[in-house]
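Input: a single structure, listed below in structure tokens.
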Amino acid sequence: MRTPEAGSGPRPVAQSVAAPLTRAAIFLVATLNPGVDNRAALRSFCGDFSALLRAVEFRDLEAGLSCVVGFGPDAWDRLLGPPRPAELRVFREIRSGTRHAVSTPGDLLFHIRSKRMDLCFELAAQIMARIGDAVLPVDEVHGFRYFDDRDLLGFVDGTENPRGEAAIEAVMVGEEDPAFLGGSYVIVQKYLHDLDGWNALPTEAQERIIGRTKLSDIELDDSIKPTSAHSALTTIVEDGKEIKILRDNMPFGRAGHGEFGTYFIGYSRSPRTIEQMLENMFVGRPPGNYDRLLDFSRAVTGNMFFAPSATFLESVGEEQSAAVAASVVKPATVEISPSTPPQSNGSLGIGSLKGEIPHE
């Protein structure tokens, strides 16, 4: 995927942010362990990542394996240094009444997608085999597509996702931050649901909370849809135009433990769009008119990352390789004593530098 044309020169190749939705996904969040060697290992991994992905992908090219790598603000500063993407910052915690959008540790995000969970798992295993000593995993969620693209609450998720060029326009950083063309901001949250409480509601009450019909997935008419409906509060309009984001939420759970949830992941050109959505949900628009879905769903993680272009990742690896080579290879100098004539190897040495040993 390439970013929209703007300016001149070669355009960076983006990561697979706008890849088609898949049946399976793994969300892996980790923190970076301290130490120069760990930082070097991660920088080197950036350059090798595309080759690792291709190797696993080649096992089934029709399975649509992809992976997006994102960096949190602290990891960006420690691994990549200045400049930092203009809007990359720590995920903003929100508290309002009993509702709490938590902010949790996270330096690295791997969003792995495929039609097959075994390919997702294989890539996750290969990634951890490569960088496991340099990072500490803090969250790992295995998501699955539930029936006809529904969440565990029974509603279709992601209906309003932009497609094609509209998706690229919505999620890819452009000339507003030219150093990071083709990158994308990513916000993730893991929500746990009270399914017993939710399922006790009549279908009509559930539909008014979501703002869509449960069976047909048709948006409720504004005349009957409450202003506190989830679909209403997560619609952001600026200058008369709706600002879109790209969601790839996934259900997850452990039935034996009574754990049922949705992993929210949103990609956007600016994190301000998703931040405003969360403000509307947790605080309300106006304050107090909050998303009633939060009476049945609780956020237990919250992170912001920046996913740079694939071109940027490869350049990081190249810079790390060059730095390693420069620290290992030093110019060889030979001092020749005036009293000891140099040994001849049959060459006249024409054009050689004084004191330099010819290389074959």
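Computed from the coordinates by the stated procedures, all read-outs in this text should not be read as laboratory data. Remember, predicted model here, so these are calculated numbers, not experimental data. No Cβ is skipped: glycine too gets one built from the backbone with ideal geometry, and neighbour counts run over all protein chains shown.
Brief remarks on what is shown
- Only Cα pairs under 8 Å and 6+ residues apart enter the sum, and on that basis the relative contact order of the chain stands at 26 percent.
- Between segment 143-185 and segment 107-142, the C-alpha centres lie 21 angstrom from each other.
- About the Cα centre, charge dipole magnitude for segment 42-99 (Lys/Arg +1, Asp/Glu -1 at Cβ), debye: 340
- Chymotrypsin sites (Phe, Trp or Tyr not before Pro) restricted to DSSP loop in segment 21-73 with at most 12 other C-beta within 10 Å: Phe58
- Taking a sphere under 14 Å around the Cβ of Asp77 and counting the other residues whose Cβ falls inside, with K and R at +1 and D and E at -1, yields a net charge of +3.
- Helix 310-328 axis versus longest C-alpha principal axis of the chain: approximately 30°, rounded to the nearest ten.
- Size descriptor for segment 123-193, Kirkwood hydrodynamic radius: 16.0 Å (Cα pairs only, one decimal).
- Exposed trypsin sites (Lys or Arg not before Pro) absent: longest stretch of the chain, with sites in DSSP loops and at most 14 other Cβ within 10 Å deemed exposed: 164-353
- For Ser50 and Ala166, the FRET efficiency from 1/(1 + (r/R0)^6), where r spans their Cβ atoms and R0 equals 45 Å, is about 0.95.
- Value at 222 nm in deg cm²/dmol, rounded to 500, when DSSP H runs of n ≥ 4 in the chain each add -39,500 (n - 2.57): -8000 deg cm²/dmol
- For segment 155-197, backbone nitrogen atoms closer than 18 Å to the point 7 Å from Glu242 Cα along Cα-to-C-beta are found at 156-171.
- Computed as a quarter of the hull surface, the mean projected area of the alpha carbon convex hull for segment 33-109 stands at 7.9 nm².
- Karplus-derived 3J(HN,Hα), 6.51/-1.76/1.60, for each residue of segment 65-72, Hz, glycine and proline x: 5, 8, 8, 10, 9, x, 10, x
- Its alpha carbons considered, segment 1-156 gives a radius of gyration followed by a Dmax of 17.3, 51 Å.
- Segment 218-258 versus segment 49-82: alpha-carbon centroid distance in Å: 28
- Against the chain, whose longest principal axis is taken from its Cα atoms, helix 271-282 shows a tilt of about 30°.
- Our Cα-only numbers for the chain put the radius of gyration and Dmax at 25.6, 102 Å.
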